[in-house]
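I have placed the structure first, in the form of structure tokens, so that the comments after it can refer back to it.
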Amino acid sequence: MVVIFFFRIAVLVLDTRYVVINDPSPDHLALHTALTTRLHNTSRFANSSEYRKDVDRVLRDELGVMYVGLPRFHETFFGRVADLTTASEAVFKKCMEGGEPLFSNGWSGWPKDANQDDVLSWFAELSEKLATLAEDYKSIPTHRRRPLAQPNKPIQGSTAERKLDAGKDSRCHWSQILVPGELKSNPAADTAAKAWLDLGTYAREVLAAQDIRRFVLGFTICGSFMRIWEFDRLGGLASERFDINEDGLRFVSTVLGFLWMNEEELGFDPTFTAANGQRFIEIERNGSKERLIIDEVMQRARCVAGRATTCWKAHREGQPQIPLVIKDSWQYPERGEEGALLREVTSKGVINIARHYYHETVQIYGTDDDVRNVRGGLDVTSATNYRPERSAPPSSTMASVSRKGRSSSVAAGKKRSSSQAGAPLPHSKRSCSTSQASGNLSNRVHRRVILRDYGTPIYKASSRTSLLAALDGCIEGHESLRKAGILHRDISINNLLINEDVNNPSWPSLLIDLDLAIKEQREGVSGAKGRLARGHSWQSGRF
């Protein structure tokens, strides 16, 4: 296995806006079980000692079907890069000129046996030559990025060691990786069980370490066959494969595209801005614009496909004494919005529940940010490995959850809610759910909720007395929420918070996370009032 990455050189990383996620606290490790029989996503490995074989097994389930051979893939992601087509044609023409051309019935210096180390050296040298040849056609310097691989050394920043059998002497962190690539000498390794899954593993690490990364582009080269990949919150997609020694122009365009793509084209969230050593977002609230300064990353789910919840501690510019929490997640569009429910709860005066400050569907240049837009309208039904039976919706007899409660059946063809995917009752918090285990054609929408209460998990209480007092406050919050007609349904040690900071104006203790909450129906099918409907609302608790 040979792995190649395009990355930023270290001196420039200091000027970027990306925050490296620190590993969780040791005392948190003991509170989670690494693997259970109900484990469906890799986010559950975040606070455990990871084992490669276990991560691979669960990641395979998380990613589901990885669709390959999609036409228009290159145009969709590389067509956005300014001047790329013209420059690639000119550079490739130069590659075929001279007494010793770089390309003549194949690339000069290509290792005939596709030996790993030889291919790596060839790739690195050719990438540098292509970048140099392209300097006349692009004002943006390409020396900021270069290929990297590390022989038998783990990339920094992963909970599990990722030993990469490749490359030249260099050290970097996953937060610096822009484009992961997987090289294998055998063309037959171009399969889901080999090169594809390996690349998915690296995409997971990149997404986990870069808190505003929305998607990751990458590539595989098996023998001389290359594919371009895109990993997002629904899984992985790939282009048609092509032989780099036969389609030299496409290879040039791919390498230059990776070198020239701007941050948004590489998958970073453009709603985050960096200036004067700070990161911030801007929102329009109550008719005026507000700038929210990012203080730190609180949580980043370690997964590819799923809700991928990320939380930041923040404050309004000029008001550092009032903490805010920004929560981003990728939700199924048919799910009710947590932000709207929180706004209702706050307006009703519910106590000891995180209070609403703002919510929105994230907009990218005036368009809802969702996976379908990220994919540029690519249709998985055009994939070479697409099978209609993989995309059939679940049986209509399966229940569907809505904000109004659960019903025993749904109309034929309606997809199950994400809160029920893979299980009749929720076993765990689905920060990353099994998005394509059944192969259903789906979408996820990028939603943002901002809260004006902040605390720490209840198990971090300074004393038993404080712990009991906080637990009592959380129970009061749950009761207050029930009186407002809403059932939380996701009580866990991470959703019960304590506030022991005398300078923090938040509740002394509070419940958070209404992702799975529903409105109770007080009148059942039989017409009997004062009890839950026959849809059987349930309460989930995890300790």
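Screening V252 against (1) within 16 Å of G79 (Cα to Cα); (2) of a type in the set (A, V, I, L, M); (3) surrounded by fewer than 24 Cβ atoms within 10 Å (Cβ to Cβ) leaves a single unmet condition, (3). Considering segment 313-339, and only residues there that are polar (S, T, N, Q) and more than 20 Å from Q299 (Cβ to Cβ), the residue that is surrounded by the fewest Cβ atoms within 10 Å (Cβ to Cβ) turns out to be Q321.
Is it true that some residue in segment 178-185 is more than 16 Å from the chain's Cα centre (by Cα) and among the basic types (K, R)? There is at least one residue in segment 178-185 that is more than 16 Å from the chain's Cα centre (by Cα) and among the basic types (K, R).
In segment 212-222, the qualifying residues are those that are touching a helix residue (DSSP H, G or I) at 6+ places or on another chain (Cβ under 9 Å) and more than 22 Å from V119 (Cα to Cα), and the one that is surrounded by the fewest Cβ atoms within 10 Å (Cβ to Cβ) is F215.
Out of the residues in segment 288-318 meeting the condition of being part of a strand (DSSP E or B) and among the charged types (D, E, K, R), tell me which one is nearest to S442 (Cα to Cα). Checking each candidate, the answer is R300. Would you pick out the residues in segment 248-303 that are polar (S, T, N, Q) and within 22 Å of the chain's Cα centre (by Cα)? Once the filter is applied, which keeps residues that are polar (S, T, N, Q) and within 22 Å of the chain's Cα centre (by Cα), segment 248-303 yields N262, T271, T273, Q299. If you check V445, V449 for being in the same structural domain as N352 (by TED's automatic domain parsing), crowded, with 17+ Cβ neighbours inside 10 Å, modelled with pLDDT of 95 or more and under 30 Å from D379 (Cβ atoms), only one passes: V445. Listed residues E230, E246, E240; which is in the same structural domain as A90 (by TED's automatic domain parsing), surrounded by fewer than 18 Cβ atoms within 10 Å (Cβ to Cβ) and in contact with a helix residue (DSSP H, G or I) (Cβ under 9 Å, 6 or more places away or on another chain)? Of the residues listed, the single one that is in the same structural domain as A90 (by TED's automatic domain parsing), surrounded by fewer than 18 Cβ atoms within 10 Å (Cβ to Cβ) and in contact with a helix residue (DSSP H, G or I) (Cβ under 9 Å, 6 or more places away or on another chain) is E240. Find the residue count for segment 327-348, including only residues that are in a loop (DSSP other than H, G, I, E, B) and among the basic types (K, R). Count: 2.
Considering segment 41-59, and only residues there that are surrounded by fewer than 17 Cβ atoms within 10 Å (Cβ to Cβ) and of a type in the set (K, R), the residue that is modelled with the lowest pLDDT turns out to be R52.
Okay, residues lined up against (1) closer than 18 Å to G455 by Cα; (2) in a loop (DSSP other than H, G, I, E, B); (3) in contact (Cβ under 8 Å) with a residue 40 or more places away in the chain:
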| position | (1), (2), (3) |
| --- | --- |
| E476 | yes, no, yes |
| S480 | no, no, yes |
| N494 | yes, yes, yes |
| N503 | yes, yes, yes |
| S506 | yes, yes, yes |
| L510 | yes, no, yes |
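Taking the criterion of being of a type in the set (V, I, T) and either modelled with pLDDT under 90 or surrounded by fewer than 19 Cβ atoms within 10 Å (Cβ to Cβ) (or both), the residues of segment 77-127 that qualify are T85, T86, V119.
Counting just the residues of segment 255-264 that are buried (at least 18 other Cβ atoms within 10 Å of the Cβ) and not aliphatic (A, V, I, L, M), which one comes out farthest from N385 (Cα to Cα)? Once the filter is applied, the top-ranked residue is W260.
The values are calculated or read from the model by the stated rules, or taken from the named source; none is laboratory data. Model, not experiment: these values are computed from the prediction. Every residue, glycine among them, receives a Cβ derived from its backbone with ideal geometry; neighbour counts consider all protein chains shown.
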